[in-house]
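As structure tokens, the structure follows; a few thoughts come after it.
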Amino acid sequence: MPLRVHKPAFPLSQYVEMIWRATRSGAPPSRQRVYPDGAMALVIHLNKPTATYYVDGETHHIRVPLLAGAYSRSFHFDPSQSTAVLGIVFRPGAARMFFPVAAHELHNADIALSELYPGESDRLLNETCAATDETAQILAAERYLNEKLASAAPIHPAVRYAVKQLSRQGAVRAVRDVQLDTGFSHTRFIQLFREHVGLTPKLFCRVRRFHASIGCIEKGMPVNWAELAADCGYFDQAHLIHDFRAFAGMTPVEFSRTMADSDSRVLKAVNAS
């Protein structure tokens, strides 16, 4: 599955981790799993009006472009159903700058961009689909984001600080300590964080820790599971296994075996499709 990844220039790079473009020519029907990373994404299928994905045995269809909320569970999709996909991965908490909706309302859910901004959705879809090649498609998406950034309200400083502190691999801080640093009450801090990130601070910590552990496993080197657990901030190996079962539906050992499938590595990198 050829994948092209574009890192936007500053200042957009502060809020957008990447813009990716995937081509799946001739892919056979299959079910591929996408793993949560605590971030939101914007996804455009360039050759069909809807995206299809599967969660807990249920089939979901949604119009594109779609805004994917922060997930704390994995889901599946069939790569043969779309041959060209463009995606934008926002940094945790940053999507609300571009789309001022309460992020927690999209926890484990997606929404068609047309439900929020009908005209804007049509324009984005038309401009990306009309672009002459992959580079032009990516640049069309980048222009769209830069236009929205020009009038966007900044990320709340408390949220920016909390996301940075709670995302640090191997240097896990108690949510309570971060909350005290911000000067907000416990209730207000959690409310503010959920509104911008989509997850509670505690759940966000767990998802980001899981995301970091996936990155370590994907390096393809022999894994010492106890060391991996400690390096990623887990109390012990049992907690690592617990989170893998919760977020990936499998044990860490079972996950490591899926790395023989290159598509699994790509899917984790782009987060959604």
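Every read-out reported here was derived from the displayed coordinates using simple, explicitly stated rules and does not represent laboratory data. In this text, all values refer to a predicted model and were calculated from it rather than measured experimentally. Glycine also receives a Cβ, built like all others from the backbone with ideal geometry; neighbour counts cover every protein chain displayed.
Summary table
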| quantity | calculated |
| --- | --- |
| About the Cα centre, charge dipole magnitude for the range 157-263 (Lys/Arg +1, Asp/Glu -1 at Cβ), debye | 480 debye |
| Residue-averaged [θ]222 nm for the chain, counting only DSSP H segments that reach four residues, each worth -39500 (n - 2.57) | -13000 deg cm²/dmol |
| Relative contact order of the chain, pairs being alpha-carbon contacts under 8 Å that are 6 or more residues apart, as % | 22 percent |
| Cα-based shape type of the chain, given that a ≥ b ≥ c are square roots of the gyration tensor eigenvalues and the cut on a/c is 1.5 | oblate |
| Relative contact order (%) - criterion: Cα under 8 Å, at least six apart; region: the range 89-162 | 40 percent |
| Lysines whose Cα lies under 27 Å from that of Lys48, excluding same-chain neighbours fewer than 8 positions away | Lys7, Lys148, Lys268 |
| Neighbour-count order for Met221, Met18, Met97, fewest beta carbons within 10 angstrom listed first | Met221, Met18, Met97 |
| Positive minus negative residues near Ala246 (Lys, Arg vs Asp, Glu; Cβ under 9 Å) | +2 |
| Residues His242, His61, His211, His45, sorted so that the one with the fewest Cβ neighbours within 10 Å comes first | His61, His242, His211, His45 |
| Cα pair distances exceeding 22 angstrom across the range 9-156, given as percent | 37 percent |
| Residue order, fewest to most beta carbons within 10 Å, for Trp20, Trp225 | Trp225, Trp20 |
| Simple label model, 7 Å out from Cα along Cβ direction - Thr23 to Ala230, nm | 4.6 nm |
| Extension gain (nm, one decimal) between Arg143 and His239, 0.36 nm per residue minus Cα-Cα | 30.3 nm |
| Spatial separation of Cα centroids for the range 185-255 and the range 1-60, in angstrom | 21 Å |
| Choice from Cys129, Cys232, Cys216 showing the highest fluctuation, given a GNM over the chain with Cα pairs closer than 10 Å | Cys216 |
| Karplus-derived 3J(HN,Hα), 6.51/-1.76/1.60, for each residue of the range 43-50, Hz, glycine and proline x | 10, 10, 8, 7, 10, 7, x, 9 |
